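Worksheet: one structure, shown below.
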Amino acid sequence: MSDADLVLRSTRVITPEGTRAASVAVTAGTITAVLPYDADVPAGARLEDVGDDVLLPGLVDTHVHVNDPGRTEWEGFWTATRAAAAGGITTLVDMPLNSVPPTTTVDHLRTKQRVARDKAHVDVGFWGGALPDNVKDLRPLHDAGVFGFKAFLSPSGVDEFPHLDQEQLARSLAEIAGFDGLLIVHAEDPHHLAAAPQHGGPRYADFLASRPRDAEDTAIAALVAQARRLNARVHVLHLSSSDALPLIARARADGVRLTVETCPHYLTLTAEEVPDGASEFKCCPPIREAANQDLLWRALADGTIDCVVTDHSPSTADLKTDDFATAWGGISGLQLSLPAMWTAARARGHGLEDVVRWMSARTAALVGLDGRKGAIAPGHDADFAVLAPDETFTVDPAALQHRNRVTAYAGRTLYGVVRSTWLRGERIVADGDFTEPRGRLLTR
Ligand SMILES: [Zn+2]
């Protein structure tokens, strides 16, 4: 490590081979070696000894709705990337919708990149969108560097991002398979949703009944069938229904190119505890029962579910009314995802290594950034979070960096305080103090 300019030392460094005391050598923003704890520090290098705090790879959150430009009052690149940095996330991939324009043409992608460029406190990549009428835009978007394409199989919640029917799905997926791209899917079947009781109002039980598990199960089965037929790569977004797990496991065993994510809110919050009228807990698909949650955890442990992402999708507070039918659907939790997951994971006997695998290594692999992100290993970007895992804090929404401080985690006491976050060898936030934005825009 003679040419290292920075050495980070901790008694607990999480590497792909396990957790150990180590000194991590960094040269010009890249990890060059993971050395013994007491390795000599070269003359020109700065030593950062974080003691017994854990050094882990910065998280990679591949499901974030930044909403910028167009609905910047809901969130924005400045606030979202600061919240990410404060939460130990060093890479996020922005969803193509809720911004205006949505990321559905190369022109729109350029607009979004222009807006993001000077505001990104962490690295930012982009998903494209697959709409009924933009099949011709998919390959140019792929060539311009989006990480894949998002499609809805039921209404998305915003008019400018219509969903695909089965025929349109087949057409888009065939096009994407033609260049071996990735289709990521909001899988709820519109006919099952339409057939479910739609009472509206403030009762959470009514909302839950309006988004039944079989809407997810049916949509996932149809998606699997299409992926199987076309040998296409597909990814199920925000899985909530544990009833879909057997068919997912079967498809994967058959060699269908299928990956699956779930979210901290499905793993840490339960339908039984959502107060009536509390639409900060509203998302689609919904937070389900505790028994369902136990099965999601089991699937995460056995690998049927690959990864955990936030699906951070905030709005202004006025859209979070007490009527679950009309309130904006989306959970705001970007800054809290690591402590929320760690708190629940440790209670279930999992280690921080597991959380890192689900929220950093596997998400990096999903978007093809493994080799560069998601691990403390030579050749990777020197992106780190420094975490005090045994320290607790109580969530005060007013203290969050999100533009709108409405969150389902308010008042919860969580384990895991992020002391600092590092991007390519630079400390970008420590104890609430941020540097100027240093994030880069990433392409596939
Ligand atoms: Zn989403």
Practice problem: Return the only residue of Glu353, Glu426, Glu436 being of a type in the set (Asp, Glu), under 30 Å from Asp302 (Cβ atoms) and out of contact with any Gly (no Cβ under 6 Å at 6 or more places or on another chain). | Solution: Glu353
Practice problem: Working carefully through the options Arg233, Arg252, find the one that is farther than 26 Å from Asp94 by Cα and in contact with a strand residue (DSSP E or B) (Cβ under 8 Å, 6 or more places away or on another chain). | Solution: Arg252
Self-check item: Any hit, segment 91-107, residues being within 16 Å of the ligand (Cβ to nearest atom), small (Gly, Ala, Ser) and under 29 Å from Ile14 (Cα atoms)
Solution: no
Quiz item: If we scan segment 253-263, do we find a residue that is within 16 Å of the ligand (Cβ to nearest atom), in contact (Cβ under 8 Å) with a residue 24 or more places away in the chain and not in a strand (DSSP E or B)?
Solution: yes
Practice problem: Keeping to segment 359-402, report how many residues are surrounded by 21 or more Cβ atoms within 10 Å (Cβ to Cβ), out of contact with any Gly (no Cβ under 9 Å at 6 or more places or on another chain) and of a type in the set (D, E, K, R). | Solution: 0
Practice problem: Just name the residue that is nearest to the chain's Cα centre (by Cα) out of those in segment 337-374 that are touching a residue at least 40 places away in the same chain (Cβ under 8 Å) and part of a loop (DSSP other than H, G, I, E, B). | Solution: Val367
Quiz item: Just checking, how many residues over segment 315-334 are away from the ligand (no atom under 16 Å from the Cβ) and closer than 15 Å to Asp61 by Cβ?
Solution: 0
Quiz item: For the subset of segment 97-138 comprising residues that are touching a His at 6+ places or on another chain (Cβ under 7 Å) and surrounded by fewer than 24 Cβ atoms within 10 Å (Cβ to Cβ), which member is farthest from Gly181 (Cα to Cα)?
Solution: Pro101
Exercise. Pull up segment 289-314, narrow it to residues that are within 16 Å of the ligand (Cβ to nearest atom) and in contact with a Lys or Arg (Cβ under 8 Å, 6 or more places away or on another chain), then point me to the one that is modelled with the lowest pLDDT.
Key: Pro314
Exercise. Considering only segment 205-247, state which residues are polar (S, T, N, Q) and within 23 Å of the chain's Cα centre (by Cα).
Key: Ser240, Ser241, Ser242
Self-check item: Selected residue [of a type in the set (D, E, K, R) and at positive phi] from Asp254, Asp302, Asp311, Asp294
Solution: Asp311
Quiz prompt | Ala85 being away from the ligand (no atom under 16 Å from the Cβ), out of contact with any His (no Cβ under 8 Å at 6 or more places or on another chain), in contact (Cβ under 8 Å) with a residue 40 or more places away in the chain and on the phi < 0 side of the Ramachandran plot | solution = no
Practice problem: Starting from segment 305-333, keep only residues that are not assigned by TED's automatic domain parsing to the domain that holds Val356, then list their pairs with residues that are surrounded by 21 or more Cβ atoms within 10 Å (Cβ to Cβ) and among the small types (Gly, Ala, Ser) whose Cβ atoms are within a distance under 9 Å, requiring at least 6 positions of separation or different chains. | Solution: none
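For Gly51, are the conditions met, namely being under 16 Å from the mean Cα position of the chain (by Cα) and over 21 Å from Leu141 (Cβ atoms)?
Numbers: under 16 Å from the mean Cα position of the chain (by Cα): no; over 21 Å from Leu141 (Cβ atoms): yes.
No, not satisfied.
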Self-check item: helices (runs of 4 or more DSSP H) enclosed by segment 125-240 - at least 2 residues per element that are among the β-branched types (Val, Ile, Thr), modelled with pLDDT of 95 or more and in the same structural domain as Cys283 (by TED's automatic domain parsing)
Solution: 213-230
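The values are calculated or read from the model by the stated rules, or taken from the named source; none is laboratory data. Every value quoted in this text rests on a predicted model; they were computed, and no experiment measured them. Methodologically, a virtual Cβ is constructed for each residue, glycine included, from the backbone with ideal geometry; neighbour enumeration extends over all protein chains shown.
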